[in-house]
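Okay, so here's the structure we're looking at.
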Amino acid sequence: MKKYIAYYRVSRKVQGISGLGLSAQKSSVEKYVAGQDGIILKEFTEVETGTNKKERIEIHKAIQEAKNEDAILVIAKLDRLARNVGFITSLMDAGIEFVAVDMPTANHFTIHIYSALAEQEAKLISTRTKQALAELKKKGVKLGNPKNLTSDARNKGVQTIKKNAQNNDRNRQAQSIIGNCKEKGMTYRQIADYLNGLNFKTRYGNEFLSSTVHQLYRRTYLKSA
């Protein structure tokens with residue numbers, strides 16, 4: 001029977017107390033482990049706030065426990081583990097086996113790329129949000145007096161800008177991955193499977209097909225040919 005050490009992470013203290021987000025992670029992890037005929041030996045839960053994000057005490061406890069028990073570290077989603085390449089690298093260097101339920105077939109190479117993209121995406125979204133607001137202000141668009149806006153209105157405006165920036169960044173990342181994969185000799189079908197495995201979607205929210213990848217590659221890399 002396979003042995004697992006479960007690690008959960010919630011972003012705010014209120015989520016950790018109320019269980020919001022935590023129950024969903026536990027449910028997916030328990031379902032996965034059951035499907036592997038495994039057993040969860042111990043669970044660790046990290047409750048992060050804005051001041052303790054870099055500490056992550058519980059993950060180090062989970063890693064050590066996995067070492068001691070010769071067990072597999074299991075998490076619900078890769079982005080719950082870290083959006084930091086250095087952290088992913090240190091986890092790999094720990095010499096333990098780990099699996100993300102949302103990407104169970106991913107290898108170390110795939111996970112490293114995914115974490116790099118996630119880290120870059122977070123930086124780009126922040127930069128593009130600031131640029132978009134600055135551009136609107138430059139064009140004379142009144143962004144509104146925060147005092148005259150409800151908290152909900154402010155949040156919706158920011159989320160819309162972030163969503164648009166995120167979609168643009170993901171498209172650029174997909175294009176970059178396609179180019180790199182073609183250089184490695186991968187077929188369009190293999191690249192499509194790879195992008196789908198990383199949870200990328202087309203601009204219309206669909207999974208990638210070989211024909212979609214082919215069209216995107218021609219448009220991006222062969223347009224000047």
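The values are calculated or read from the model by the stated rules, or taken from the named source; none is laboratory data. Note that the structure is predicted; figures quoted are calculated from it, not measured. In this analysis, Cβ positions are derived from the backbone assuming ideal geometry, glycine residues included, and neighbour counts consider all displayed protein chains. Surface areas here come from the heavy atoms of the whole protein model, side chains and all, with no ligands, DNA or RNA. Shrake-Rupley method; radii C 1.70, N 1.55, O 1.52, S 1.80 Å.
How much accessible surface does HIS60 have with a 1.4 Å probe, in Å² rounded to 10?
100
Using θ = phi - 60° and the Karplus form 6.51 cos²θ - 1.76 cosθ + 1.60, what ³J(HN,Hα) does each residue of segment 26-33 get, whole Hz, x for Gly and Pro?
Ordered by residue, 3J(HN,Hα) equals 4, 4, 5, 5, 4, 5, 5, 4 Hz.
VAL101's amide H: which non-local residues (gap 5+, or another chain) put their own amide H closer than 5 Å, with H modeled 1.01 Å from N in plane and none for Pro or chain starts?
Correct list: ILE75, ALA76, LYS77.
For segment 179-221, what's the relative contact order in percent, using C-alpha pairs closer than 8 Å and at least 6 residues apart?
With pairs under 8 Å counted, the relative contact order is 39 percent.
What accessible area, in Å² to the nearest ten, does a 1.4 Å probe give for THR45?
Accessible surface of THR45 is approximately 50 Å².
By how many nm would the segment from GLN131 to THR202 grow when fully extended, if each residue of separation counts as 0.36 nm and the alpha-carbon distance is taken off? Walk me through the intermediate numbers first.
Values: separation 71, 0.36 × 71 = 25.56 nm, distance 2.44 nm.
Here the segment from GLN131 to THR202 would lengthen by 23.1 nm.
As a test question: what accessible area, to the nearest 10 Å², does TYR32 have when a 1.4 Å probe is rolled over all protein chains in place?
Only protein atoms counted, so the area is about 40 Å².
Sticking with the crude label model, points 7 Å out along Cα→Cβ, report the distance from SER211 to LYS139 in nm, one decimal please.
Label-label distance for SER211 and LYS139, simple model: 3.5 nm.
Taking θ = phi - 60°, what integer Hz values does the Karplus form 6.51 cos²θ - 1.76 cosθ + 1.60 yield along segment 211-218, in sequence order, with x for Gly and Pro?
My calculation for segment 211-218 gives 5, 5, 5, 4, 4, 5, 5, 5 Hz in order.
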